[in-house]
Amino acid sequence: MKNAIPASRALGPVLLAAAALLTAGCGQGKPAAAASGTIYDHFRVDLGGHAANLQVAVSNSEKERGLMQRPDLGPDDGMIFVDESPQRQNFWMKNTPESLDIAFAAPDGTIVEIHPLYPFDMRTVSSNSDQLLFAVEMPQGWFAAKGVRAGEKIDVKAVASALRDRGYDPAKFGL
């Protein structure tokens, strides 16, 4: 098979990793510290002065998964996607059963654009700007109901704190 790794080559690194995990912390009396936050944790981040409970998507796999297969968002729950550098944002709703709104924001946290997203829609919704660091998905109608419009701010200090809690260095994201 093309690109297949022979089992004998693949097994060696696995055994070494298992041995390292088993011996790490031997004689120390306590387990090694784990990262304090995960993609499943929610962080309070103000959006235009209104509290939102956001999951923080940082890694490529977290961003690709987003809110797929999540029919259970609370009224103030959502997800913020954080990039390392400003860029154009592109999203779709593959396997996403709830209607959402997405706000695209600049590195200083200024919301630049807000767009509706529809369940299971495979069409790409792209930002107009290519200078965006954040995207925030919330239940559809949340931004309008709270009066949050373009020009409002995301609390970037809260985002930086959430990144630290997730084990990331906010400076890597310009924060």
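Throughout, read-outs are computed from the coordinates displayed, never taken from laboratory work. Note that the structure is predicted; figures quoted are calculated from it, not measured. We place every Cβ from the backbone using ideal geometry, glycine too, and count neighbours over all the protein chains shown.
With each pseudo-label sitting 7 Å past Cα toward Cβ, what's the residue 131-residue 157 distance in nm, one decimal?
For residue 131 paired with residue 157, the spin-label model returns 2.5 nm.
If Lys and Arg each add +1 and Asp and Glu each add -1, what is the summed charge of the other residues whose beta carbon sits under 12 Å from the beta carbon of residue 158?
Combined, the nearby Lys, Arg, Asp and Glu give +1.
Under a point spin-label approximation (7 Å from Cα along Cα-to-Cβ), what is the residue 171-residue 110 distance to one decimal in nm?
Roughly 2.7 nm, to one decimal.
Summing +1 for each Lys or Arg and -1 for each Asp or Glu, what net charge is found among the other residues whose Cβ lies under 13 Å from the Cβ of residue 58?
Numbers: positive: 63, 65, 164, 166, 172; negative: 41, 62, 64, 83, 84, 165, 169.
Overall, the nearby charge balance is -2.
Under a plain spin-label model, where a point goes 7 Å from the Cα along Cα-to-Cβ, how far apart in nm are residue 61 and residue 99?
3.4
Binning every alpha carbon pair distance of the range 33-135 at 10 Å from zero, what are the percents per bin?
Going out from 0 Å in 10 Å bins, the range 33-135 shows 15, 49, 33, 3, 0 percent.
When we measure straight from the Cα of residue 172, which aspartates and glutamates land under 15 angstrom away, once same-chain ones fewer than 8 places off are left out?
List returned: 83, 84, 108.
Starting from 0.36 nm per residue, how many nanometres of slack lie between residue 121 and residue 88 once their C-alpha separation is accounted for?
9.9 nm
What does the net charge come to around residue 146 if you take all other residues with beta carbon closer than 11 Å to its beta carbon, with K and R at +1 and D and E at -1?
Details: positive: 149; negative: 46, 76, 101, 152.
My count for the surroundings of residue 146 gives -3.
Suppose R0 equals 35 Å. What FRET efficiency, 1/(1 + (r/R0)^6) with r the Cβ-Cβ distance, do residue 68 and residue 145 give to the nearest 0.05?
Once rounded, the FRET efficiency stands at 0.90.
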